Each structure stands twice: as C-alpha cells, then as structure tokens.
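J.: Structure below; questions to follow.
Values in this text are rule-based calculations from the coordinates and carry no lab data. This structure is a prediction, so every number in the text was calculated from the model and none was measured. FYI the Cβ positions are ideal-geometry reconstructions off the backbone, even for glycines, and counts take in every protein chain you see.
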Amino acid sequence: MKKTQVFLTIFIFHLCVSKGQLQVGYYSETCPNAESIVNSVVSEAAQSDPRVAPFLLRLHFHDCFVEGCDGSILINDANVTNPEIGAFAHQGVDGFDQIEKAKQDLEVQCPGIVSCADIVALAARDAVVLAGGPFYEVETGRKDGLVSNQTLANDMPDVNDSIDILKSKFLNKGLTEKELVLLSGAHTIGTTACFFMPKRLYDFTGGNDSDPRIDPKFLPVLKRHCPKDGDVNVRIPLDAVTNEEFDDQILRNIKNGTAVIASDARLYDDDITRQVVDSYVDESSEFISFFSFERDFTVAMVKMGRIGVKTKSNGEIRRVCGSFN
C-alpha cells in the first residue's frame, strides 16, 4: 500500500541535526539552490529512463562502502591508474552522467562550492522519492576524496557472500545487522543481471545444485529468466512483485523464498537478521508499524552517508566529478 511522504517526514524530523562537519542545509547560504538543482536533473533524467532511480541509489551505496562517501567511485580520468570504477565489485553501477550533469549546472551558479560526494547523496534521496519512497533530509558538507583505486573496492559486499561475511563487512563500516537488512531493502527497486545468478541457480555448493532458500515454485521462474549458459547480460527485476515502487515487498520476498539475488536471501539464514526482516513484515507481530520500514530505511541511509567523510585536510571540491583537480 502506498504511504504518504508527508506522514513520513513528521517521523524523521530528528534527522535535521548536524553530525560533525555534516549538517542539513550546509549550502543554504553559499549555494541555496543546490538541492533543487540536483533534484531537477534527477527528475528530468528519470522521466526518460526509469532505471535512473535505482542506478543513483546504488551509486551512493557503492561510493560510501569504498573509502567513505567521498565521490571516489566517480573518477574516470585516463590519467589516473586503475581508478576505482573499474573494480569488479562495481559491475553494473551507473548514474554517472546524471551526477556530472548536476555538477555542471551547479558550477554555473555556485562554482567550486558543492562537492560531488554531496551530489551523489542528494541524488540518491531524490531517487528514493521518485520511486514513491519517503523524503528525508540529507546532511551535506562532504569533501571529495583524493584517492581512487580498484584495489580499495576489494571488501565491497558481494552477491555470493555468506551472511557472516556480509555482517562483518557492514560492521566494519559501523553498520549494524539491522542496517544491513534496511540497506539491502534498497533492492525494492531496480534490476540485476543474470551474470550474478549462475552460482545460486546451478552450482550453489559446487554440486550442480541450487540455493535451497529459493522457493521451489520460484526456482523454475528464475531459471527461465537466466538459463544455464544463457545470455549473462539479461536483466531481471530484483523485486519481481513491485519492481518500480519503493516499498517493503523485498523483505516479504526474502521471508517467503522469492528473493532474486543470493545476498538478499542470506538475510534469512541468520537469527538476528531474520528477526529484523520479520519485524517489518510479520503481520501478527505487535511491534509492526505501518511506516516503520520506510522510516528506518531513511535513518540507515543518513547513517551510511556519514561513513568516511572527508574534511578540508584530506579532501577537495572537484570542478569535474570524474577528475581530480
């Protein structure tokens, strides 16, 4: 069921506080139209391509999990040896054109003021809203990082990681098991490629078997989409029920065995993460809240946005997001 953004905004007013150098409204005096400029670019792009929203949401996650939320994933300068964007862990990540377009527009009005890292964070929020999700205030004030290298992405969460490895990777970033579930909930929108499916469907334990967490009725559906030795570039919805709508259906899929990718399914392998999933979708629970997933997701996004924030001493404001100054 669709939730109203107004009601959710009431619940998350407490996010309008500063965290270190980050604060809501950081550019209110130096570039007062910063957020509206980013929103305009994202909205226009999403009108012509519905993939833009999930691309931008995923881009923020991938940026923050390597060297912190510092725009390091954006570097594509030929003068930089092995930039981060070439890492295997970033396969399929996109949304770069929209970030660069927003940066160009911002440079016209406020040259040298708004960081690319902040544009990524703002664009992710706007993507959530465009998909019918909750509005939340984004803390800004990040500087762009000075380093971008493929090897730094080696510890990115992987689709075939066990639940213990996933928990460890999130905990290493200061994120809890609950936040692992909530941020995985971003898979409520978007698609994945069959490239990420063979192990789960055809060789889960090395014995030509499938992941037992897949519902038996759903397994042939996945195999039809991604046949063995088929085209690995074919894309399938991460949430086969409400793929273009931001809601809690992805958690229901995890619970009933119809999660598409292995890392989502793994959330039901562990007592703690399973309880978190159930707390949002178990209709018999006295603790379930009609708006709780959306509200808690925004809190997790804000917390993730604080990872590894760069300051004046170890960061910069790039003039072009794909190149160091």
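J.: Distance between Cα centroids, region 145-163 to region 99-122: provide it in whole Å.
T.: Here the answer is 25 Å between Cα centres.
J.: Then there is this: Filter 169/255; 143/167; 167/303; 178/255; 101/312 down to the pairs with a C-alpha to C-alpha distance above 19 Å, please.
T.: Values: 169/255 22 Å; 143/167 28 Å; 167/303 16 Å; 178/255 15 Å; 101/312 24 Å.
Too far apart for the 19 Å limit: 169/255; 143/167; 101/312.
J.: Sticking with this structure for a sec: Hey, could you grab the Kirkwood Rh for region 171-313? Inverse mean 1/r over distinct alpha carbon pairs, Å, one decimal. Present the calculation step by step, with values, prior to reporting the outcome.
T.: Numbers: mean 1/r = 0.0614 Å⁻¹.
Roughly 16.3 Å, rounded to one decimal.
J.: Among residues other than residue 206 whose Cβ falls under 14 Å from its Cβ, what is the net charge (Lys/Arg +1, Asp/Glu -1)? Could the numbers behind the result be given before it?
T.: On the way: positive: 199, 200; negative: 203, 209, 211.
Once positives and negatives cancel, what remains is -1.
J.: Let me ask something additional. Taking the Cβ of residue 316 as the center, what net charge do the other residues with Cβ under 12 Å away carry, scoring Lys and Arg +1 and Asp and Glu -1?
T.: The answer is +4.
J.: Take residue 47 and residue 109, extend 7 Å from each Cα along the Cα→Cβ direction, and tell me the distance between the two endpoints in nm.
T.: Going from the residue 47 label point to the residue 109 one covers 1.7 nm.
J.: Consider all pairwise Cα distances in the chain and report the whole-number % of them above 28 Å.
T.: Tail of the P(r) past 28 Å holds 39 percent of the pairs.
J.: Compute the acute angle (0 to 90°) between the alpha-carbon long axis of helix 271-281 and the principal axis of greatest extent of the alpha-carbon atoms of the chain; round to the nearest 10°.
T.: Roughly 80 degrees, rounded to the nearest 10.
J.: How far apart, in nm, are two points set 7 Å out from the Cα along the Cα-to-Cβ line at residue 161 and at residue 325?
T.: Result for the modelled spin labels: 3.3 nm.
J.: Counting each DSSP H run of 4 or more residues in the chain as -39500 (n - 2.57), what helix-only mean residue ellipticity at 222 nm follows after dividing by all residues, to the nearest 500 deg cm²/dmol?
T.: -11500 deg cm²/dmol
J.: Compute the acute angle (0 to 90°) between the alpha-carbon long axis of helix 292-304 and the principal axis of greatest extent of the alpha-carbon atoms of the chain; round to the nearest 10°.
T.: Once rounded, the angle reads 50 degrees.
J.: Let me ask you something else. In percent, what relative contact order does region 172-325 have, based on Cα pairs under 8 Å that are 6 or more apart in sequence?
T.: Worked out over region 172-325, it gives 27 percent.
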